[in-house]
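Remarks on the structure that follows.
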Amino acid sequence: MEKPVDTPVRKGRSLFAVSQSVPLPLLEVSADVDEARIFIGMNEMDRVLGGGLVPGSLVLLAGEPGIGKSTLLLQILCHLASDQKKVLYISGEESLTQIRMRSERLREIPGGLWVVCESGLDRIIEIVEEQGPSVLAVDSIQTLFCDEISSAPGSIAQVREAAARLMQLARLKGVPTILVGHVTKEGAIAGPRVLEHLVDTVLYFEGDRSHTFRLLRTIKNRYGPTHEIGVFEMTEAGLEQVPNPSEVFLGQRPKAVPGSVVVPCMEGTRPILVEIQALVSPSHLSMPRRTSTGIDSNRLALLIAVAERHLGVALYDRDIFINVAGGLKISEPASELAVIMAMVSSLREVPLDMDTAVFGEVGLTGEVRAVGRAELRLNEAARLGLKKCVIPWAGSDRLKFSDSLEILPVKRIDEAVAAMSEVS
Ligand SMILES: Nc1ncnc2c1ncn2[C@@H]1O[C@H](COP(=O)(O)OP(=O)(O)OP(=O)(O)O)[C@@H](O)[C@H]1O
Ligand SMILES: [Mg+2]
């Protein structure tokens, strides 16, 4: 449990002597955020922001160390800056030379991109006052410090105070501000997590470092939808946008082969399409092998037992290998029906249609149970170009989802397996 190590001295005091607040009828308040939005000009970015940066808003760009946050930030700023529009990049982490070296990898550097190395909050506020940038970026929030707080930069008290003051600055000046925040592998976020409630938009930049693909996910947005994802590929020339993510996730998926099933999983609040692979082959061992990567082995044992009992398939003399492609780990029950279908598909050597996804929890009596967030899963499947989805029957009549998707609701696993012939 994270605990504040220090209490800010400036408690309750506003950074700026803001003029006296006067209440207004809500009707008279302007709601023209969309018109004032600043387009970044990178589709994947504008989408996750809900259509561009809102003036005066605070955006947190969080991610694990080394994932490419600074690269993405620099690219965003390069897109935003022009000779007319001044963009200010404040780095508390890297030297100006390092930033320049990184920028060499990227596209042309616009004249309006200004950089400064500074981590003192008071000086940063002065600089912003002096320079009057149209967009402000700080890399990273963990390096900032405020003199009045005795704890070290990166401590919760410092991070909170820095973000609160930058928020006031952003609001007062109407300058959209992007903060970079580090997230640790365990997800116990020293910093960004304590900021999530404060900032307007939280974007998570994530990806497996052994792969080149990166996902930018909207976790929270006061000015647009959440659950949007932006997909990028890390290349020699920086991060390139991937306009068709289905090709990324399922790109290495072999053409309709037995044993491969796509499942829309929820990663926290986030839907993601994953390929589950099964290989079921005759065993020459007295104790057939049961190996699973990315799925709990106890759960696999249970699913094998359910399949034997309720589908009448003989698996006791088979080696069974299950793999979640791309090295992902799935813990949620929604993948269970997909595991069973992948096993049956491999056993019978009947491939599923390439455009079909499957989700549902499997009960011990062979029933397919409803899972949460079905609409999100369906929409994610539709968004990534899939055409059909085998889903739990319960509640399926109330679901609202994209017209491009056809659903096949099933009550039991034998119906799902029978439906395989329709989707193969
Ligand atoms: N020439 C290159 N070609 C491809 N990828 C590169 C190249 N140079 C750097 N990278 C990638 O960029 C990553 C570093 O990106 P960046 O510095 O933007 O990350 P970061 O999230 O800001 O890291 P930090 O936590 O250190 O601030 C490296 O891990 C590497 O994967
Ligand atoms: Mg960085």
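Read-outs: derived from the displayed coordinates by stated rules, not from any lab. What you are looking at is a predicted structure, and each value in this text was computed from that prediction instead of being measured. Note that each Cβ is placed from the backbone with ideal geometry, even for glycine, and that neighbours are counted across all protein chains shown.
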Sort T97, T356, T177 so that the residue with the fewest other Cβ atoms within 10 Å of its own Cβ comes first and the one with the most comes last.
T97, T356, T177
So the angle from the long Cα axis of helix 374-383 to the longest Cα principal axis of the chain, reported in degrees to the nearest 10, equals 80
At K255 and Q241, where each label point lies 7 Å from the Cα along Cα→Cβ, what is the point-to-point distance in nanometres?
3.1
Cross-link table K86/K173; K255/K387; K69/K255; K220/K388; K220/K400, entries beyond 25 Å C-alpha to C-alpha:
K69/K255; K220/K388
So if I place +1 on the C-beta of Lys and Arg and -1 on the C-beta of Asp and Glu, and nothing else carries charge, what would the dipole magnitude of the chain be about its Cα centre? I want it in debye, nearest 20.
520
To the nearest 10 degrees, how steep is helix 69-80 against the longest Cα principal axis of the chain, on a 0 to 90 scale?
60
Relative to the present Cα-Cα distance, how much length would full extension add between E126 and T226 at 0.36 nm per residue of separation?
32.6 nm
Name the shape class, rounded, prolate or oblate, that the alpha-carbon gyration tensor gives for the stretch 26-243, where a ≥ b ≥ c are the square roots of its eigenvalues, rounded holds for a/c under 1.5, and otherwise prolate holds if a/b is larger than b/c and oblate otherwise.
rounded
Where does the chain land at 222 nm, in deg cm²/dmol rounded to the nearest 500, when only DSSP H runs of n ≥ 4 count, each adding -39500 (n - 2.57), divided by all residues?
-8000 deg cm²/dmol
Which percent, to the nearest 5, of DSSP beta bridges fully inside the chain are antiparallel?
45
Taking only the alpha-carbon atoms of the chain, the convex hull volume per residue, in cubic angstrom, is 177
Checking the a/c ratio against 1.5 first, then a/b against b/c, what shape does the Cα gyration tensor give for the stretch 93-175?
oblate
Listed residues S335, S119, S297, most fluctuating in the chain (Gaussian network, C-alpha, under 10 Å):
S297
Where does helix 156-173 land angle-wise versus the long Cα axis of the chain, in degrees 0 to 90, nearest 10?
70
Charges on Cβ only, +1 for Lys and Arg, -1 for Asp and Glu, centred on the Cα centroid of the chain; of L215, T356, V390, which one is farthest towards the dipole's positive end?
V390
Taking the alpha-carbon set of the stretch 281-320, what are its Rg and Dmax in Å?
10.1, 26
Pairs of alpha carbons in the stretch 248-420 whose separation is greater than 29 Å (percent):
12
